[in-house]
Amino acid sequence: MTVDGYARLEAELKTLKSVERPAVIRAIAEARDHGDLSENAEYHAARERQSFIEGRVAELEDKISRAEVIDVSKLSGKAIKFGARVTLADQDTDEESTYQIVGAEEADIDKGRLSVTSPLARALIGKQTGDSIEVTTPRGSKAYEIIKVRYR
């Protein structure tokens, strides 16, 4: 994963541990004060939230401990590899799109972050500026031309 993706995971973990976890503990304590727990919706909702938080904390700690962080700013070259920012032109519409190839955990297509495991990223790996690729999508086959490859 990229340095930015790693930092986002660490920030989420810190928020869960220092803000969310204490808040849900307080909510559980307040709900207990209201009496009968078997019919206390606030208590059950707080316990459910606590379960979600603890599960997410465990998941994030596992991902952070196993993460292989790659500093994209130290990469260079003409061939597309993990971390590259790639500008593509749709060969049918000439519409240009720019994506950064990132780890699966940090992928967000709306923000231009494309998972390295996606069909488009797999087709791009190893290619260079000027190359054309064809990718099978749910809507059929799409052809792209690689306009620019950069690392930063």
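The values are calculated or read from the model by the stated rules, or taken from the named source; none is laboratory data. As the structure is a prediction and not an experimental result, all values here were calculated from the model. Here Cβ is always computed from backbone atoms with ideal geometry, including for glycine, and neighbour counts include all displayed protein chains.
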- Task: Sort out which residues of the stretch 27-44 are without any contact (Cβ under 8 Å) to a residue 12 or more places away in the chain and small (Gly, Ala, Ser), and write them in order of number.
- Result: 29, 35, 38, 41
- Considering every residue within the stretch 101-108, establish whether at least one is surrounded by 15 or more Cβ atoms within 10 Å (Cβ to Cβ) and over 25 Å from residue 10 (Cα atoms). no
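Output the residue which, of all residues in the stretch 45-85 that are charged (D, E, K, R) and touching a residue at least 60 places away in the same chain (Cβ under 8 Å), is surrounded by the most Cβ atoms within 10 Å (Cβ to Cβ).
Step one: list which residues in the stretch 45-85 are charged (D, E, K, R), which gives 47-49, 54, 56, 59, 61-63, 66, 68, 71, 74, 78, 81, 85.
Filter again for touching a residue at least 60 places away in the same chain (Cβ under 8 Å), leaving 68, 71, 78, 85.
Numbers: 68: 8, 71: 10, 78: 10, 85: 17.
For the stretch 45-85, the residue satisfying everything is 85.
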- Message: at pLDDT 90 or above and either within 21 Å of residue 7 (Cβ to Cβ) or surrounded by fewer than 17 Cβ atoms within 10 Å (Cβ to Cβ) (or both): which single residue out of 114, 88 fits that description?
- Response: 114
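Condition check ((1) assigned by TED's automatic domain parsing to the domain that holds residue 7; (2) assigned to a loop (DSSP other than H, G, I, E, B); (3) over 22 Å from residue 68 (Cα atoms); (4) touching a residue at least 24 places away in the same chain (Cβ under 8 Å)) across all residues:
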position: 87; (1), (2), (3), (4): no, no, yes, yes
position: 93; (1), (2), (3), (4): no, yes, yes, no
position: 97; (1), (2), (3), (4): no, no, yes, no
position: 101; (1), (2), (3), (4): no, no, no, yes
position: 123; (1), (2), (3), (4): no, no, yes, no
position: 128; (1), (2), (3), (4): no, yes, yes, yes
